[in-house]
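The values are calculated or read from the model by the stated rules, or taken from the named source; none is laboratory data. Note that the coordinates shown come from a computational prediction; the quantities given were computed from them, not determined experimentally. Note that each Cβ is placed from the backbone with ideal geometry, even for glycine, and that neighbours are counted across all protein chains shown. Ligands, DNA and RNA are stripped out before the accessible areas are found, and what is left, the full protein with its side chains, is counted by its heavy atoms. Shrake-Rupley method; radii C 1.70, N 1.55, O 1.52, S 1.80 Å.
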There are 2 protein chains.
Amino acid sequence: LFLTTTPPHTTVAEIGEHELIARITRRLEMPAWVEVGPGDDAAVVKPPRGLREVLTTDALVDGVHFDLAFVPAAAAGHRALAVNLSDLAAMGAEPRSALLSLALPAHLAVTALDELLDGFLACASAHRTALIGGNITQTPGPLVINVTAVGTVRPRRALTRAGARPGDEIYVTGAVGDAAAGLAMLRAGAAGATAESACVRRYLKPEARVRAGLQLSHHGAASSCVDLSDGLADGLRQLARASSVGVEVETSALPISDQARAWHAATGTDPVTAALGGGDDYELLFTVRPRHRGRLRGARRRIGDLPITRIGVVTRGSSLTVRDASGCHELPPGFEHFR
Amino acid sequence: LFLTTTPPHTTVAEIGEHELIARITRRLEMPAWVEVGPGDDAAVVKPPRGLREVLTTDALVDGVHFDLAFVPAAAAGHRALAVNLSDLAAMGAEPRSALLSLALPAHLAVTALDELLDGFLACASAHRTALIGGNITQTPGPLVINVTAVGTVRPRRALTRAGARPGDEIYVTGAVGDAAAGLAMLRAGAAGATAESACVRRYLKPEARVRAGLQLSHHGAASSCVDLSDGLADGLRQLARASSVGVEVETSALPISDQARAWHAATGTDPVTAALGGGDDYELLFTVRPRHRGRLRGARRRIGDLPITRIGVVTRGSSLTVRDASGCHELPPGFEHFR
């Protein structure tokens, strides 16, 4: 409520660095294990006992990973944390803390920064993640939101990309291609492309599959795991490369939502190609040894409503194939930044 | 040596994200406590036993914190880590690991990226800091180097900004104002403004005062501490605000190098004003209780050649004053980003 004292069109340049930092830190509450929180040179925390620490960092750039022209600042703030929590989820880790580093264009409205924080902190709160530190600087370029997330995992329970073996079954959580369809809807300014549309919501507010990752780890169910940031094809390729195996995916098995199919039918695009190539889903792609199907059942009981779909099998060698009614094809390349 | 296979003018956009990441990760060696290093969704580490963890994040933007027009990429890489290690030093922490997140303009030369890493990794190696993870993305804006550094400190030994009390003596390591003079020399294209010039070197390759911070912490010598990123005046102000005290600084006591004095004499600027306002020194500013002078002597014996100069005293109230031959003056404002 103290925020209402700032006139509506004030820019971040007008209120200055120290006030911006104070504006953020006074919104925060620190758990007991944070001994020095934001506002000092660095944060000091009591590490968790008997656990391993999991650390990841990821940056979002306005105009590259989101676009403030059609993405609300709150969604950008949510996404910046969610993509990092998704990386923790892919390791089977439980989020604990985060650091937020913002490079702000001088003309950015303070209200946009507040909304960005609303989105970030709501996501942090939902995942009991403490924002323990950060940095604010100016940039002559676009807004850059850099987040570092730290989590915990039990010893020997981290899920890596490297554990898949021939014969393992390949699974994916949720639906693939929704976010890409949602982004296409937003870009096209499509009728109905509101935040109420499921695909648009999936693009704007990706949900990190933290609970699924945790349960797969706790039950020892997954032999390997990766999160889908740059599309299913890219995820399959990363997993296969790290594990030195091949993969074979059944296109008929891919969990593609009815809304995405309807969009593709209307725009004349192939839903399977879109699902393989489309990024931003932040689902978990993982493999399970056939003899560990019982463990997967155990994990599923604790994961709740999130669908988990078997989409293929790990193969010997290094070939990456998709199989449909017409036969076997080479996996198309995934999205790669810089390409 | 495998790096020589890339033609000299190749840009980062031409070789792509995966190859860029591989290019970095194959240069790295992981200590035993890193269970999963770069290349997976996140790093997994064994936390140190019986210690507190210290975390900080800081971003450098081309054109704001350095300028590739006159700062070599290796110096930018060094600086990006050094400024974070400086934050750890100000907490009395020992560096352990770092994460590096790069937002790269498409036209950046791969050789510049390699040099940036040379500088970063040389600094990391000098401080036994493992680069355990990171991220690479593209940006339509300037190069942004975001680093998160993690260190350790013994329980109850962290140095904060908040512990200064009236009567404490104020000290600073090294010399103040050298970096600002070096930057001015570079900007002016001054004769002799080469990397061999002491001030220019201080600007290009700031040394994080890790050893000094560690010894101050180990000996329980400092009641408060902050690093000087935005100038001495800003550091004094931060420390006074956090500790709810005032400060009184003797301008005649300020450790200003002969080279900086000569530069100011030649350019007609006041060396004291420059030393108070000039950023980028990354010295430590700290306070010591008078009865703990013996502890400070103990710390100094282990710190080595780095000068430590008493520059003033902590006062009751909240006034920030500098005293010179003409009397007492209000402390000038320090550099503030966005102002």
>> Ordered shortest first, which distances in nm separate the 7 Å Cα→C-beta label point of A:R128 from those of the other copies?
In response: 3.5
> In angstroms, what radius of gyration and Dmax does the stretch A:114-237 have, counting Cα atoms only?
Replying inline: 17.6, 52
>> Can you compute the charge dipole magnitude of the stretch B:114-190 about its Cα centre, using +1 on each Lys and Arg Cβ and -1 on each Asp and Glu Cβ, nothing else charged? Give it in debye, rounded to the nearest 20.
In response: 500 debye
> Of A:P105, A:L216, A:P142, which is farthest on the positive side of the dipole of chain A, counting Cα position, with +1 on Lys and Arg Cβ, -1 on Asp and Glu Cβ, and the Cα centre as origin?
Replying inline: A:L216
> For chain A, modelled as a GNM with alpha-carbon contacts under 10 angstrom, which of A:G63, A:G182, A:G235 fluctuates the most?
Replying inline: A:G63
>> Helix-only estimate, please: 222 nm mean residue ellipticity of chain B, summing -39500 (n - 2.57) across DSSP H runs of length 4 or more and dividing by its residues, to the nearest 500.
In response: -10000 deg cm²/dmol
>> Of the candidates A:G151, A:G167, A:G279, which one comes out as most mobile in a Gaussian network treatment of chain A with C-alpha springs shorter than 10 Å?
In response: A:G167
>> Before we go on, tell me the buried accessible area for the A/B pair, both chains summed, 1.4 Å probe, in Å² to the nearest 100.
In response: 5600 Å²
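Stokes-Einstein at 25 °C, 0.890 mPa s, Kirkwood radius from Cα pairs: D for the stretch A:41-178 in µm² s⁻¹? Walk me through the intermediate numbers first.
Details: Rh = 16.4 Å.
In µm²/s, the coefficient is 150.
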>> Along its three principal axes, how long is chain B when you only count alpha carbons? Whole Å, largest extent first please.
In response: 63, 52, 34
> Looking at the stretch A:125-162, which trypsin sites (Lys or Arg not before Pro) are in a loop (DSSP not H, G, I, E or B) and have at most 10 other Cβ atoms within 10 Å?
Replying inline: A:R156
> Which residues of the stretch B:136-164 end up with at least 50 Å² less accessible area in the presence of all protein chains than when their chain stands alone, using a 1.4 Å probe?
Replying inline: B:T137, B:Q138, B:R161
> Taking a label point 7 Å from the Cα of A:S252 along the Cα→Cβ vector, which residues of the stretch A:294-333 have an amide N closer than 17 Å to it?
Replying inline: A:310-313, A:322-329
> In chain A, what percent of the accessible surface is made up of carbon and sulfur (1.4 Å probe, ligands and nucleic acids excluded)?
Replying inline: 51 percent
> Put the label 7 Å from Cα along Cα→Cβ for A:A253; what are its distances to the other copies, in nanometres, shortest first?
Replying inline: 7.4
> Can you tell me the Rg and the Dmax, both Å, for the Cα atoms in the stretch A:119-191?
Replying inline: 18.8, 52
>> Give me the one-decimal nm value for the distance between modelled label points at B:R49 and B:A106, 7 Å along each residue's Cα-to-Cβ direction.
In response: 5.3 nm
>> Along its three principal axes, how long is the protein assembly as shown when you only count alpha carbons? Whole Å, largest extent first please.
In response: 90, 58, 46
>> At 7 Å along Cα-to-Cβ for each site, give me the label-to-label distance between B:R316 and B:H9 in nm.
In response: 7.1 nm
> Taking the axis about which chain A rotates onto chain B, which residue of A lies nearest it as judged by Cβ position, and how many whole Å separate them?
Replying inline: A:G141, 1
> Which one of A:A299, A:A175, A:T287 is farthest out on the positive end of the charge dipole of the stretch A:154-309, using unit charges on Cβ (Lys, Arg +1; Asp, Glu -1) and the Cα centre as origin?
Replying inline: A:A299
> Using Cα atoms only, what is the angle between the long axis of helix B:293-303 and the major principal axis of chain B, expressed in degrees (0 to 90) to the nearest 10?
Replying inline: 30 degrees
>> Taking each pair of distinct Cα atoms in the stretch A:248-330 once, what is the resulting Kirkwood hydrodynamic radius in Å?
In response: 14.8 Å
> If you count, for every residue in B:222-234, the Cβ atoms of partner chains within 10 Å of its Cβ, what is the mean?
Replying inline: 1
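Compute the projected area of the convex hull of the Cα atoms of the stretch A:210-291, averaged over all viewing directions, and report it in nm² to one decimal place.
Value for the stretch A:210-291: 6.2 nm².
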>> Over the stretch B:18-159, with the other protein chains present, what is the accessible area per residue in square angstrom, probe 1.4 angstrom?
In response: 31 Å²
> Roughly what % of Cα-Cα distances in the stretch A:14-105 sit above 22 Å, to the whole percent?
Replying inline: 42 percent
> What is the helix-to-structure angle for B:178-188, meaning the angle in degrees between its Cα long axis and the longest Cα principal axis of chain B, kept from 0 to 90 and rounded to the nearest 10?
Replying inline: 60 degrees
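Please average, across the residues of A:26-36, the number of beta carbons from any other chain that are within 10 Å of each residue's own beta carbon, and give a whole number.
Other-chain Cβ atoms within 10 Å of each residue's Cβ, averaged: 2.
On a 1.4 Å probe surface of the protein chains, which of B:S257, B:S125, B:S86 comes out largest in accessible area, and what is the full order?
Greatest to least solvent exposure: B:S125, B:S257, B:S86.
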>> Let me check I've understood the local charge: for A:A73, count other residues with C-beta under 14 angstrom from its C-beta, Lys and Arg +1, Asp and Glu -1. What total comes out?
In response: -3
> Tally Lys/Arg at +1 and Asp/Glu at -1 over every other residue whose Cβ is under 15 Å from the Cβ of A:H329; what's the total?
Replying inline: -3
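Applying 1/(1 + (r/R0)^6) with R0 = 45 Å to the Cβ-Cβ distance of A:H329 and A:A122, what FRET efficiency is obtained, to the nearest 0.05?
Values: r = 42 Å, r/R0 = 0.93.
After rounding to 0.05, the efficiency reads 0.60.
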> GNM, chain A, Cα, under 10 Å: largest mean-square fluctuation among A:R23, A:R209, A:R79?
Replying inline: A:R23
> What is the list of residues in the stretch A:81-111 whose amide nitrogen lies under 18 Å from a point 7 angstrom out from the Cα of A:R26, following Cα to Cβ?
Replying inline: A:110-111
> So for the protein assembly as shown, taking the charge dipole from beta-carbon charges (+1 Lys/Arg, -1 Asp/Glu), which of B:A198, B:P48, B:L254 sits furthest toward the positive end?
Replying inline: B:P48
